[in-house]
Structure formats: structure tokens, C-alpha cells
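Only one structure is covered here, and it is reproduced in the block below.
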Amino acid sequence: MEPGNQTPVTEFILEGLPNTRELPSLFFLLFLLLYLLTLLGNTLTLLTVLCDPQLHALPMYCFLGHLSFLDACLSSVTVPKILAGLVGPGGRAISFGGCVAQLYAFHFLCSTECFLYTVMAYDRFLAICHPLRYSVVMSRKTCLWLGASWLAWAISFGGCVAQLYAFHFLCSTECFLYTRGDEQKDLPVAGRLDVIRLPYCGPNHVEYFVCDIPAMLKLACADTATNQVVILANIGAVVASCFLLICVSYTYIASAILKIRTAQGRQRAFSTCSAHLTLVLLYYGPPVFIYLHPSSSQASDGVVAVFYTAVTPLLKPFIYTPRNKEMKKALRKLICGQTLSLHA
């Protein structure tokens, strides 16, 4: 396409998940069921923590309540758009502003969960390695401070990603406004930043089910090698630092568990962190596959991404609740109390 005839893209078409158009009704019901069960499970978990004074006062369950809220929000960012795309072709269209908003919300929630898992690992480290100091160190004030810290950090990180992406589009718009053929006139400061300028001149079909960075970079009408390196370094630094802190915490936890003399004591100590360890593996596995293999097919990336955006949030309440006596007791109390109030 000649530069003079190029027009900036203002709308994208999300292609959705591969192999779902043959049976749209079946996949619509499947994802609707997944979404409703995810909202139900995480809402019940959050209400259980909020309504039980004993659980609400314990840091581990306070963090679990935050995690349930984030999972419900993360599923709400992606799954409704998948459902809209399965209803009809019109549901797959998304404006540039909507794409930026979805990208921001997606990375904000994912980065928040990343930091929250790190805080939960530190909580388990204190509970197992320093049980006598646990109640003093992990006080309510500390929990509130940690909550405010991860929220502010996640907002700044997610905002940085969204602003960078929006800035790329603005640079490309200036490029088309000030460019005539092969002749480039004086551009504003933003327009001169050729290194990070990403012109979107078509096609506008995103071979993905959500506006995410790897899929959007493939639509740019420019060399995105530098952008891929910068974004991978940015996301990789955050994910790697959090994962490293989690590994350090569990190294100390494993060392403390091995020092316990009785098998029953070791099993009890391990059971307190097994659910969190399972969730960490489910959380970090899929994103690492997607972002460390940018040349992989969109079909494989889509299946992996759906797992941690739609399936994993559904599994988390079932991973935590059955293994925890306090949660099961509080959940039964909540359900029975609501049932008795309805019959009263």
C-alpha cells in the first residue's frame, strides 16, 4: 500500500478463538457456563471471607478474597467479548479506544495478581518459618499497607502499558497526517520517534480473542523488533522479579518443612501452602509460553490464554475451598444462614 493512501485504523476485528465458528451455539453455551460458574464461585468465596469475622481478620483469607475479586474481574474483561463474537460478526468489532481499555484492564488485573501471589508467598513464608512472629508482622495494618502497595504498583504498571500502546497509535496518526508520499514534513516531537512509532494502516483483523500486545504488534505496518524487545523486557522484569521472590520464599519454606521431625507435621505444613503453590504454577505457566514464544501460532496462544483467563479463575475456588476446613465451615455457615433466613 502506498504511504499516501494509507489511513490509520480506528477499529479492530477480534477473530476470536480458532475452531469455534463451526459450532458457535455450542461454544457460546460452554463459555457462558464457564463465566457464570466463575462469577458464582469467586463471589461465594469473597462473600464467605467478608461475612465471617474470623476469616476476615486473617491475612491469608483477606488475600484470598482480593484474589477472588480479581479473578471475577479478569474473566469479565475477556469472556463477554468472546460471547459477543460467538453471537454474530458484529460482536467481534472493537473500537481503538475499547481496545486500549481492554488491554489496560487485562494487564492491570494480571499484574495485580502477579504481585498478590508474591505477597501470599511471603505470608506463607512467615506462617511456616516464623510462626511466633506471624501475628505481629502480618498485622491488619501491614495487610492494608500491602494491599495499597500492590494496587498502586499495578495501576502504574498497567497504565504504563496502556499509555505506551496509545502513544504508538498517536504517533502513527501524526505520521499519516504529516506524510505525503515519500516526503516527510516537519513532525511534532512524538512524530519524530521513529523507533517506537507503530503505524496501523491495515489489516485490522486481530487473530486473537482479546486486545493483547503480541497480537497487536503483528498488525503494525512497521518493524516491531525493538518494540518486542522493550515490551518483553518490561513484562519479563516484573514477572521474573515476582517469580524470583516466590521461589526464594518457597526455598525457605521447603527448608523449614524438611526440618520438621514428624511426617504428620510436615504434611500439615505442606498442606497450608499447597493450594497457593498450585495456583502459582497455573498462573505463571501460560503467560510464559505466550510471551517467551512470540513467533508461535495464534491458535496455540489462544488456547493457552483462554486457560488462564477463563478456566483458571473457575478452578481457583475449587482448589482452595476443599482443602481448607475453615473455608468449608464458613461456606456452610453462609449458605445455611441464607437458607434459614429465606424460610423464616
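The values are calculated or read from the model by the stated rules, or taken from the named source; none is laboratory data. Keep in mind that this is a model prediction, so the values were computed, not measured. Cβ placement follows ideal geometry from the backbone for every residue including glycine, while neighbour counts extend to all protein chains displayed. The protein model used for the area step is the full one, side chains on, heavy atoms only, and it has no ligands, DNA or RNA in it. Shrake-Rupley method; radii C 1.70, N 1.55, O 1.52, S 1.80 Å.
What the Cβ-Cβ distance of ALA101 and THR262 gives, at R0 = 35 Å and to the nearest 0.05, is a FRET efficiency of 0.05. Taking all protein chains into account, the per residue accessible area for the stretch 245-284 stands at 61 Å² (1.4 Å probe). Listed cross-link partners LYS81/LYS141; LYS81/LYS325; LYS259/LYS316 are compared with a 32 Å cut-off, the Cα-Cα value being larger for LYS81/LYS141; LYS81/LYS325.
Here the relative contact order of the stretch 1-103, from alpha carbon pairs under 8 Å that lie six or more residues apart, stands at 44 percent. Short-range pairs are left out: with C-alpha atoms under 8 Å and at least six residues apart, the relative contact order of the stretch 32-155 is 26 percent.
Looking at the stretch 1-104, the GluC sites (Glu not before Pro) that sit in a DSSP loop and have at most 14 other Cβ atoms within 10 Å of their own Cβ are GLU22.
Put a dot 7 Å past the Cα of LEU44, heading toward its Cβ, do the same for ASN234, and the two dots end up 4.0 nm apart. Rounded to the nearest 0.05, what FRET efficiency do THR10 and LYS325 give with R0 = 56 Å and r taken as the Cβ-Cβ distance? Could you check? The formula returns an efficiency of 0.55 here. Ignoring ligands, DNA and RNA, what percent of the 1.4 Å accessible area of the stretch 20-114 is carbon and sulfur? Result for the stretch 20-114: 78 percent of the exposed heavy-atom area is carbon or sulfur. Backbone amide hydrogens, once placed in the peptide plane, bring VAL206 within less than 5 Å of ILE13, LEU14, GLU15, excluding anything fewer than 5 places away on its chain. Solvent exposure of the stretch 51-152 amounts to 41 Å² per residue of accessible area, where only protein heavy atoms count and the probe is 1.4 Å. Sequentially through the stretch 89-105, phi angles give Karplus couplings (6.51, -1.76, 1.60; θ = phi - 60°) of x, x, x, 8, 7, 8, 5, 5, x, x, 5, 5, 5, 5, 4, 4, 4 Hz, Gly and Pro residues having no value and appearing as x. Shape analysis of the stretch 222-265 based on the Cα gyration tensor places the equivalent ellipsoid semi-axes at 41, 7, 5 Å, largest first. As a calculated quantity, the FRET efficiency between LEU244 and LEU282 at R0 = 22 Å, using C-beta atoms, amounts to about 0.75.
Annotation: peptides 109-121, 91-103, 324-336, ranked by per-residue average of other Cβ atoms within 10 Å with the highest first, follow the order 109-121, 91-103, 324-336.
With a ≥ b ≥ c taken as the square roots of the eigenvalues of the C-alpha gyration tensor of the stretch 1-102, please select rounded if a/c is under 1.5 and otherwise prolate if a/b is larger than b/c or oblate if it is not? Oblate shape, in that a/c is at least 1.5 and b/c is the bigger or equal ratio.
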